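For reference, the structure is listed below as structure tokens.
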Amino acid sequence: MIGMEKSLIIQQLHTWLRYDFDERNVHRGVRWLQVPYVSIDHSRRSWREVFPFWPEGTIRSLLGELENAGILRCKIVSEPTDDLGPWYTIEYDCIKPGSHSVPGHHSTGAQESE
């Protein structure tokens, strides 16, 4: 089960990806977005601006769990001038449409029917 908090993060990233038209953010056919945890100059999107009710540690933990589950991909571009945070994309193939489950992750509740 993904859970509400992780679902909110996935939905927010999906919205950002959907409305990003900068072709420089497409690499090998995949759209990536750079999203810092906290905005440095308040002119860029950040996780804390969208989810001000979560501490930065909670945001990092949720993003890490989604990455470990294979739902999000994260890359850090190590350029000296690049201090705006990691880049993210969604692995849409890992999310079953119409379901609240993630392949490879089993809930402790009742089995889902196909």
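The values are calculated or read from the model by the stated rules, or taken from the named source; none is laboratory data. These numbers come from a predicted model, not from an experiment. Every residue, glycine as well, gets a Cβ built from its backbone with ideal geometry; the counts of neighbours run over all protein chains shown.
Set side by side, the residues Gln34, Gln111 differ, and just one is under 14 Å from the mean Cα position of the chain (by Cα) and either at pLDDT below 90 or among the basic types (Lys, Arg) (or both), which is Gln34. Do we have His42 as modelled with pLDDT under 70 and under 23 Å from Gly3 (Cβ atoms) here? No, not satisfied. For segment 2-20, give me each residue that is of a type in the set (A, V, I, L, M) and surrounded by fewer than 17 Cβ atoms within 10 Å (Cβ to Cβ). Answer for segment 2-20, where residues must be of a type in the set (A, V, I, L, M) and surrounded by fewer than 17 Cβ atoms within 10 Å (Cβ to Cβ): Met4, Leu8.
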